[in-house]
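Since the structure comes first, as structure tokens, the remarks are kept for the end.
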Amino acid sequence: MKLFFREYGQGSPFIILHGLFGISDNWATFGKSLMDNYHVYIPDMRNHGRSPRSTEFDFSSMMADIQEFIDVHKLHNPVLMGHSMGGKVAMLLALNKPELLNKLIVVDVSPRKYPQNTEHLQLLNAMLSTDLTIAHSRSEVELQIRDKIKSQRLRQFLLKNLYWNDHDQLEWRLNLPVLNASLPLMFGGIESDTVFTRPVLFIRGSLSGYIKEEDIEAIRKNFPDAIIKTLPGAGHWAHADAPEEFFLSVTDFLNTFSH
């Protein structure tokens, strides 16, 4: 699948995979912060952003997309970073094709299976309930979902997925029916007996429950030398909650294992 992507800078390849309901643009600011030393690639995952749609939507199909992306763009030993859903895809690729990667960075997710999260369902239902035929602006769409999603930050996150189609009507870039049908798969675990021996960094927000203390044992099973960094005061979107600390954590890790 030919994924849409953004790219910045020059140097060693660095790929960033966004999370569920995200788009490449969510990571543009961080990507640009690395552009002096890295050639940063930020693809839209399938069924997200400007990338193609497909009825297949699971970690394996997304892993195959990124493997193909690395091959098509002839990326030699890239650093691969993934957030949440993107982190699961990144882990799966590292464990299935360890020879492809130089380093792995996983942001606020562990390999374990998660209980189905009602928040994701709430966000999906809010988007599915919108009537875009009567909306003349993003702010009018926000009014439609305001009662269902109390957090303005989450509303703004979702509204980034709106665009004007050729008929001057607002549309969701997300393939909502397929995401809705496949949502349970997104909470599945990454199971493998492979041990990834190259440098690995896990970053978690102290206010997020996605990587708990009891998850560290599961992480060490596949990534025995992983560094686990906790960002104080950050939630699940650690890169947005604590941008400076996040940048320093990533660059310290990259510099430590630069050879």
Exercise. Under 8 Å by Cβ, and 6 or more places apart or on different chains, what pairs join a residue from segment 162-183 that is under 19 Å from Ser24 (Cβ atoms) and in a loop (DSSP other than H, G, I, E, B) with one that is open to solvent by less than 10 Å² (accessible area, probe 1.4 Å) and among the polar types (S, T, N, Q)?
Worked result: Arg173/Asn161; Leu174/Asn47; Leu174/Asn161; Asn175/Asn47
Exercise. Does segment 101-122 contain at least one residue that is open to solvent by 60 Å² or more (accessible area, probe 1.4 Å), touching a residue at least 60 places away in the same chain (Cβ under 8 Å), of a type outside the set (Gly, Ala, Ser) and within 16 Å of Phe196 (Cβ to Cβ)?
Worked result: no
Problem set entry | Among (1) open to solvent by 40 Å² or more (accessible area, probe 1.4 Å); (2) outside any helix (DSSP H, G or I), the one test that Ala64 misses | (2)
For this session: Take the residues in segment 18-38 that are assigned to a loop (DSSP other than H, G, I, E, B) and small (Gly, Ala, Ser), then tell me which one is farthest from the chain's Cα centre (by Cα).
Result: Gly22
Exercise. Of the residues that make up segment 8-21, is at least one open to solvent by 60 Å² or more (accessible area, probe 1.4 Å) and of a type in the set (Gly, Ala, Ser)?
Worked result: yes
For this session: Specify the residue that is nearest to Ile23 (Cα to Cα); the eligible residues are those in segment 150-161 that are part of a loop (DSSP other than H, G, I, E, B) and at pLDDT below 95.
Result: Ser151
Exercise. Does segment 123-138 hold any residues that are farther than 21 Å from Met85 by Cα and either in contact with a helix residue (DSSP H, G or I) (Cβ under 6 Å, 6 or more places away or on another chain) or open to solvent by less than 70 Å² (accessible area, probe 1.4 Å) (or both), and which are they?
Worked result: Ser129, Thr130, Asp131, Leu132, Ala135, Ser137, Arg138
Seminar exercise, completed: Restricted to segment 186-206 and to residues being out of contact with any strand residue (DSSP E or B) (no Cβ under 9 Å at 6 or more places or on another chain) and aliphatic (A, V, I, L, M), the residue most open to solvent (accessible area, probe 1.4 Å) is Val195
Exercise. Out of curiosity, is Val178 in contact with a helix residue (DSSP H, G or I) (Cβ under 8 Å, 6 or more places away or on another chain) and β-branched (Val, Ile, Thr)?
Worked result: no
Problem set entry | Output for segment 219-242, where each listed residue is open to solvent by 50 Å² or more (accessible area, probe 1.4 Å) and farther than 14 Å from Ser206 by Cα | Arg220, Lys221, Pro224, Asp225, Ile227
Seminar exercise, completed: Log entry, pairs with first residue in segment 45-62 being hydroxyl-bearing (Ser, Thr, Tyr), second being surrounded by fewer than 18 Cβ atoms within 10 Å (Cβ to Cβ) and modelled with pLDDT of 95 or more, beta carbons closer than 6 Å, six or more apart or on different chains, reads Ser51/Phe4; Thr55/Val178
Exercise. Quick one: which of Asp36, Asp65, Asp58, Asp71 is of a type in the set (D, E, K, R) and in contact with a helix residue (DSSP H, G or I) (Cβ under 6 Å, 6 or more places away or on another chain)?
Worked result: Asp58
Problem set entry | Candidate set from segment 22-52 (those that are more than 16 Å from Ala240 (Cα to Cα) and small (Gly, Ala, Ser)); member that is surrounded by the fewest Cβ atoms within 10 Å (Cβ to Cβ) | Ser51
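The values are calculated or read from the model by the stated rules, or taken from the named source; none is laboratory data. None of the values given here were measured: they were computed from a predicted structure. Positions of Cβ are generated from backbone atoms using ideal geometry, with glycine treated the same way; all protein chains shown enter the neighbour counts. Just the protein is used for accessible areas: all its heavy atoms, side chains included, with ligands, DNA and RNA removed. Shrake-Rupley method; radii C 1.70, N 1.55, O 1.52, S 1.80 Å.
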